[in-house]
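Accompanying notes for the structure given below.
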Amino acid sequence: MITAAQVRAAAKVRVVESNLSSVLIALQRFGPAVGLNLPHREVPYLAQLMHESGSFRFDREIWGPTPAQERYDTRADLGNTPQKDGDGKKFMGRTGGQITGRANYAAFRDWCAEKGMNPPDFVKNPELLNTDPWEGLGPIWYWDVGNPDRKSLNRYADRNDQEMITRRWNGGLNGYPDRLDYYTRLGLVYLGYKATEILAFQKAAKAAGKYRGNLDGLDGPQTRAAIHLMLADLAPKAIGPAIVSPAPVTEEKPVPVPVTPPSLDAPWWKSKEVLVPAVTGTGLSSALSAIGGMPWQNLLLVLLAVAGISGFLYWRKSADRKAVAKTVEGMA
């Protein structure tokens, strides 16, 4: 199974440890039952989550509301009521997989109940979706049967079809280049390379007969195909040979569009995200974890604000001292 250290090495920012822990514990406990115990399936699964959660910085949707979020309230395809009664925000995207809508909350609850897990009623208490073990289990449910096909996405992972995984997870190709980038980064780390050591991997994969492209150090379909083949070779012998595609999947490069959470694609000065992402738990460790997950631009603004306030207070105190000294001198 993929380790927390490997995910941290593949992440683009510092992860929020509580969010990552929820996902990995659930993957270890419940993943094997749905076939998520093979590297070539785990990597695309976690790559999707890393994109959706901003490297596990967020475990729920950042609420603006944006124009798209304002339409959530009456979206029948999400199972929300036709009246504008707050269903959109109430059933916002939660968990690292951004499970969204009344219908999905209810379906996940029912699935857990059928498995004998005694889940809470997420429709009555949506916030409970962000508690353990449900926060880590929700994305596993979506990968297995919660997606629009109601079939496991393992079949796409087995043939290295990252495009179809994205379409079934997202409903389109939002943030597709970023999802591919996470796939490559995590795949390389799992195989023993640094997240950016593409050229070194290409050389080793070519020597192993897994890579047919040029040694250019660029991420592309043939590089990802080689990563897939190398990951598939790591499947435990007791499970049997993994099903793999004989050739790279043809992947178009769509025009980049806003990703979820929406503010992650916006310029930082236009971002609606909070200064400190939501974290579970209390105490010094949670506070340090939250600060560690803060975007550097926001941290800089906080430091500048603190410096400005401190400077003003120092100036004010100095002015008061001078005024008192002048008064005393006049009385002498």
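Values quoted throughout were computed directly from the atomic coordinates according to the rules given, and no laboratory measurement underlies them. What you see is a predicted model; the values in this text were computed from it and never measured. Positions of Cβ are generated from backbone atoms using ideal geometry, with glycine treated the same way; all protein chains shown enter the neighbour counts.
Structure above, values below:
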| read-out | value |
| --- | --- |
| ILE99 long-range amide H proximity, modeled H, under 5 Å | ARG94 |
| Sorted peptide list for 174-183, 75-84, 43-52, criterion being average Cβ within 10 angstrom, highest first | 43-52, 174-183, 75-84 |
| FRET E, pair GLU70, ALA106, Förster distance 25 Å, beta-carbon r, rounded to 0.05 | 0.65 |
| Inter-site label distance for ASP77 and VAL13 at 7 Å from Cα along Cβ, in nm | 2.8 nm |
| Local net charge near VAL7, Cβ-Cβ under 12 Å (Lys/Arg +1, Asp/Glu -1) | +2 |
